[in-house]
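> This is the structure I want to talk about, given as structure tokens.
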There are 2 protein chains.
Amino acid sequence: MIRLGVDLGGTGIKVGLVENGRILKKGSCPTGAADGAEAVIDRIAALCREVAGEKLKTLSSAGIGTPGVLSADGGEVILAANLNFVHTPLAAELSRRLGFPVRAENDANCAALAESKFGAAAGCRNVVLVTLGTGVGGGVIVGGEILSGAHCSAGELGHMTLAMDGERCTCGRRGCLEAYASATALVRDTRRAMEAHPDSALWRAAGGSEELPREELPREELLRRVNGRTAFLAAREGDAAASAVVSAYIHALAEGIANLVNLFRPEKVLLGGGISHEGDPLLLPLEEEVRALAYGGPIGIPIPPIRRATLGNDAGIIGAALL
Amino acid sequence: MIRLGVDLGGTGIKVGLVENGRILKKGSCPTGAADGAEAVIDRIAALCREVAGEKLKTLSSAGIGTPGVLSADGGEVILAANLNFVHTPLAAELSRRLGFPVRAENDANCAALAESKFGAAAGCRNVVLVTLGTGVGGGVIVGGEILSGAHCSAGELGHMTLAMDGERCTCGRRGCLEAYASATALVRDTRRAMEAHPDSALWRAAGGSEELPREELPREELLRRVNGRTAFLAAREGDAAASAVVSAYIHALAEGIANLVNLFRPEKVLLGGGISHEGDPLLLPLEEEVRALAYGGPIGIPIPPIRRATLGNDAGIIGAALL
């Protein structure tokens, strides 16, 4: 069956016509969140019509993935800060414009559903997806379905404390997984290591592939250029300070994933988001550490493999079309 | 329908005939784990026959709750250290002896199921039960069913790290919820506070209600007598060292429960086990702290109430009968 999937983000809207996990046609436009919820929903509806084209009248429903906290039935986006949505009846308003039912879910939950049906965990009924981006998000699939919870969306994996009274998190709490395993946290820790180690290869790695030698770039510019790859790049060159940053990053992520394994016992754990592209230098030590930490791992109880998500930026559209 | 529920523990076996959450008849006997798995299962079967009596031939199935890690289908107890069970096909062996199908589940999961059907969370479809005993265990109900996971039982709530590289846990890891919120952890921290504060009322509270005045009991004896109530008792008298122990205990438990709220978004969180009997002096500050920590709490997203489990020692039998 052909269905319409919408991936609503803070900066862009993506819409796809999806059949059996394959995107037949897709389109995108800027979100323009500053214009208010009504304008954003108008834009989504227009893009849906454009992408669906002739097929629009054959469609019977659509799904939309959105950032933020949703009510349990998906009827309301209770809060999505970067969309300026507060108690926004997104699904109903989009449904009114399109003329057929629309279901809404948290975007990370959509991505997890897509990966469990057509991606890196195809065929698995119990899956945890952890996305390592600006923040740490994720979704949990239990028995083939999104773990939704009561009242509002479950699966806020990033806001699990690993270090009581540790680093401050965006959610107001301290020591969350997000405060250690997001790209933002990795950048913070890379900069700290640079300040502490003026001779570290981190400074060169931060310079990037520019022609200008490191010496020509001012210190502030190098610190500004640090991103989630910097520490991994310098660690690959054998730099001790960079290796320490990477090890601490992997350790925190392993503690978080071991918690999720103990709680959910999924068949697979998937990593998505920018940092997941580091591949084996991230995945191999991570898997080894999770095996040592997770309950029963040391005595041979099966620990789920940790793999990269494979649907990338399409996961949100494909998952939304499955709602 | 009348069903048989078995609650297998490290020291005792309990069996009940259960109808609609009511125990019609029950019996118990020692486990005698040292005699080996075969002998234990023989004992369970004999007790089942005794409790069921005339009803035995009208029964079509039974359920059993057991400590330890089970395979996903409940067919095998992979490991239950205090029962000396290793890869023990408990359900099949009991079924062979009784002549009808038997389903097995982790005991804490059984208790959570019972509480969600007939106890403190009756009518709730999403529930987290945290048991605060010698260890910290628990069970999670998602959509009215036990969260089972793949490979083996999910819901190992006690083995969620709250403090990377913190206090050592029985599971071999550091900083688990169990290492801060179990009675064992509370006793450890109470003793530490006593050593640090020779004049604290904790010493008197540890003495208990004996006729002997505190001074007559040797220091080692007082330290030996510390239990999970000691700090709560002395805190009620306004003792500063005791209050600090209680506050730290509640803080760690609140961090753990906030994590569980963010992950599962249940309708209710229940507390069971010995420490839960402290009641309001535990529950009220705990609920307040969880509301401040859980994602969205400070901006008014509903945070589940925290209540005491009500089925007590019967929860295991009642839950097993529901399997």
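The values are calculated or read from the model by the stated rules, or taken from the named source; none is laboratory data. Here the structure is a predicted model, which is why all the values come from computation and not from measurement. Glycine gets a Cβ as well: all are built from the backbone with ideal geometry, and neighbour counts include every protein chain shown. Protein only, heavy atoms only, side chains kept; ligands, DNA and RNA dropped before computing areas. Shrake-Rupley method; radii C 1.70, N 1.55, O 1.52, S 1.80 Å.
> Read through the list (1) more than 28 Å from B:T31 (Cα to Cα); (2) touching a residue at least 60 places away in the same chain (Cβ under 8 Å); (3) within 13 Å of chain A (Cβ to nearest Cβ); (4) open to solvent by 10 Å² or more (accessible area, probe 1.4 Å), then give the number of the only condition that B:A121 fails.
Going through the list (1) more than 28 Å from B:T31 (Cα to Cα); (2) touching a residue at least 60 places away in the same chain (Cβ under 8 Å); (3) within 13 Å of chain A (Cβ to nearest Cβ); (4) open to solvent by 10 Å² or more (accessible area, probe 1.4 Å), B:A121 breaks only (4).
> Criterion first (among the aliphatic types (A, V, I, L, M) and surrounded by 24 or more Cβ atoms within 10 Å (Cβ to Cβ)) does B:A258 satisfy it?
yes
> Here is a follow-up. In the stretch B:262-304, which residue that is open to solvent by 10 Å² or more (accessible area, probe 1.4 Å) and in contact with a His (Cβ under 8 Å, 6 or more places away or on another chain) is farthest from the other protein chains (Cβ to nearest Cβ)?
Checked the stretch B:262-304; the qualifying residue farthest from the other protein chains (Cβ to nearest Cβ) is B:E289.
> Considering only the stretch B:148-160, I want to know if a residue exists there that is hydrophobic (A, V, I, L, M, F, W, C), modelled with pLDDT of 90 or more and under 30 Å from B:A321 (Cα atoms).
Quick first cut of the stretch B:148-160, residues hydrophobic (A, V, I, L, M, F, W, C) only: B:150, B:152, B:154, B:157, B:160.
Now narrow it down to the ones that are modelled with pLDDT of 90 or more: B:157, B:160.
The next check asks that each one be under 30 Å from B:A321 (Cα atoms); those that pass are B:157, B:160.
Yes, because at least one residue in the stretch B:148-160 is hydrophobic (A, V, I, L, M, F, W, C), modelled with pLDDT of 90 or more and under 30 Å from B:A321 (Cα atoms).
> Name the residues in the stretch A:124-171 that are under 17 Å from the mean Cα position of the chain (by Cα), without any contact (Cβ under 8 Å) to a residue 40 or more places away in the chain and more than 21 Å from A:N262 (Cβ to Cβ), would you?
If the condition is that a residue be under 17 Å from the mean Cα position of the chain (by Cα), without any contact (Cβ under 8 Å) to a residue 40 or more places away in the chain and more than 21 Å from A:N262 (Cβ to Cβ), then A:C169, A:T170, A:C171 are the ones that fit.
> Another question, if that's okay. Assess whether A:R219 counts as being open to solvent by 50 Å² or more (accessible area, probe 1.4 Å) and charged (D, E, K, R).
On the way: open to solvent by 50 Å² or more (accessible area, probe 1.4 Å): yes; charged (D, E, K, R): yes.
So A:R219 passes the test.
> Here's a follow-up. Looking at the stretch B:305-315 only, could you name the residues that are away from every other protein chain (no Cβ under 14 Å) and either open to solvent by 10 Å² or more (accessible area, probe 1.4 Å) or over 15 Å from B:A111 (Cα atoms) (or both)?
Result: B:I306, B:R307, B:R308, B:A309, B:T310, B:L311, B:G312, B:N313, B:D314.
> For B:I41, state whether it is in contact with a helix residue (DSSP H, G or I) (Cβ under 9 Å, 6 or more places away or on another chain), aliphatic (A, V, I, L, M), modelled with pLDDT of 95 or more and not in a strand (DSSP E or B). If you could, list the steps in order and put the result at the bottom.
Values: in contact with a helix residue (DSSP H, G or I) (Cβ under 9 Å, 6 or more places away or on another chain): yes; aliphatic (A, V, I, L, M): yes; modelled with pLDDT of 95 or more: yes; not in a strand (DSSP E or B): yes.
Answer is yes for this residue.
> Can I ask one more? Out of B:A254, B:A235, which single residue is modelled with pLDDT of 95 or more and out of contact with any Ser or Thr (no Cβ under 7 Å at 6 or more places or on another chain)?
B:A254
> Also, I was wondering about something else. Please go through the stretch A:161-199 and pick out each residue that is modelled with pLDDT under 95, out of contact with any strand residue (DSSP E or B) (no Cβ under 8 Å at 6 or more places or on another chain) and either buried (at least 22 other Cβ atoms within 10 Å of the Cβ) or facing chain B (nearest Cβ under 7 Å) (or both).
Scanning the stretch A:161-199 gives A:C171, A:G172.
> Condition first: assigned to a loop (DSSP other than H, G, I, E, B) and either at pLDDT below 95 or open to solvent by 20 Å² or more (accessible area, probe 1.4 Å) (or both). Can you find one or more residues in the stretch B:76-86 that meet it?
Yes, because at least one residue in the stretch B:76-86 is assigned to a loop (DSSP other than H, G, I, E, B) and either at pLDDT below 95 or open to solvent by 20 Å² or more (accessible area, probe 1.4 Å) (or both).
> Could you name every one of the helices (runs of 4 or more DSSP H) located completely within the stretch A:211-293 that has at least 3 residues being touching a strand residue (DSSP E or B) at 6+ places or on another chain (Cβ under 9 Å)? Give the steps one after another, and end with the answer.
Details: elements: A:219-225, A:230-236, A:240-264, A:280-293.
Of the helices (runs of 4 or more DSSP H) lying wholly inside the stretch A:211-293, those with at least 3 residues that are touching a strand residue (DSSP E or B) at 6+ places or on another chain (Cβ under 9 Å) span A:240-264, A:280-293.
> So which of A:V140, A:V127, A:V136 is open to solvent by less than 30 Å² (accessible area, probe 1.4 Å), away from chain B (no Cβ under 11 Å), closer than 29 Å to B:H151 by Cα and in contact with a strand residue (DSSP E or B) (Cβ under 9 Å, 6 or more places away or on another chain)? Don't jump to the end; show me each part of the working.
On the way: A:V140 fails: away from chain B (no Cβ under 11 Å); A:V127 fails: away from chain B (no Cβ under 11 Å).
A:V136 is the lone residue from the list that is open to solvent by less than 30 Å² (accessible area, probe 1.4 Å), away from chain B (no Cβ under 11 Å), closer than 29 Å to B:H151 by Cα and in contact with a strand residue (DSSP E or B) (Cβ under 9 Å, 6 or more places away or on another chain).
> Here is a further query. Just checking, does the stretch B:74-85 include any residue being more than 23 Å from A:F264 (Cβ to Cβ), of a type outside the set (A, V, I, L, M, F, W, C) and under 23 Å from the mean Cα position of the chain (by Cα)?
Taking the stretch B:74-85 and keeping what is more than 23 Å from A:F264 (Cβ to Cβ), we get B:82-85.
Still in the list and also of a type outside the set (A, V, I, L, M, F, W, C): B:82, B:84.
With under 23 Å from the mean Cα position of the chain (by Cα) added as a condition, the list becomes B:82, B:84.
Yes, that holds for at least one residue.
> Between a residue in the stretch B:303-323 that is in contact (Cβ under 8 Å) with a residue 12 or more places away in the chain and any residue that is in a loop (DSSP other than H, G, I, E, B) and of a type outside the set (G, A, S), which pairs come within a Cβ distance under 8 Å, given they are 6 or more apart or on different chains?
Pairs that qualify, where the first residue is in contact (Cβ under 8 Å) with a residue 12 or more places away in the chain and the partner is in a loop (DSSP other than H, G, I, E, B) and of a type outside the set (G, A, S), are B:P304/A:H151; B:P304/B:R265; B:P304/B:P266; B:P304/B:E267; B:I318/B:L311.
> Count, please, the residues in the stretch A:30-45 that happen to be hydrophobic (A, V, I, L, M, F, W, C) and open to solvent by 30 Å² or more (accessible area, probe 1.4 Å). Please lay out each step first, then the result.
Narrowing the stretch A:30-45 to residues hydrophobic (A, V, I, L, M, F, W, C): A:33-34, A:37, A:39-41, A:44-45.
Still in the running and open to solvent by 30 Å² or more (accessible area, probe 1.4 Å): A:34.
Summing the residues that are hydrophobic (A, V, I, L, M, F, W, C) and open to solvent by 30 Å² or more (accessible area, probe 1.4 Å) in the stretch A:30-45 gives 1.
> Now for a different question. From the set of residues in the stretch A:234-268 that are of a type outside the set (G, A, S) and in contact with a helix residue (DSSP H, G or I) (Cβ under 6 Å, 6 or more places away or on another chain), which is nearest to A:A193 (Cα to Cα)?
Taking the stretch A:234-268 as the starting set, the residues that turn out to be of a type outside the set (G, A, S) are A:236-237, A:239, A:245-246, A:249-251, A:253, A:255, A:257, A:259-268.
From what is left, the residues that are in contact with a helix residue (DSSP H, G or I) (Cβ under 6 Å, 6 or more places away or on another chain) are A:245-246, A:249-250, A:253, A:257, A:262.
Working: A:V245: 7, A:V246: 11, A:Y249: 13, A:I250: 16, A:L253: 19, A:I257: 25, A:N262: 32 Å.
Filtering the stretch A:234-268 for residues that are of a type outside the set (G, A, S) and in contact with a helix residue (DSSP H, G or I) (Cβ under 6 Å, 6 or more places away or on another chain), the one nearest to A:A193 (Cα to Cα) comes out as A:V245.
> Which of the following residues is more than 10 Å from chain A (Cβ to nearest Cβ) and touching a Leu at 6+ places or on another chain (Cβ under 9 Å): B:L147, B:L157, B:L83? If you could, list the steps in order and put the result at the bottom.
Numbers: B:L147 fails: more than 10 Å from chain A (Cβ to nearest Cβ); B:L157 fails: more than 10 Å from chain A (Cβ to nearest Cβ).
Only one candidate qualifies: B:L83.
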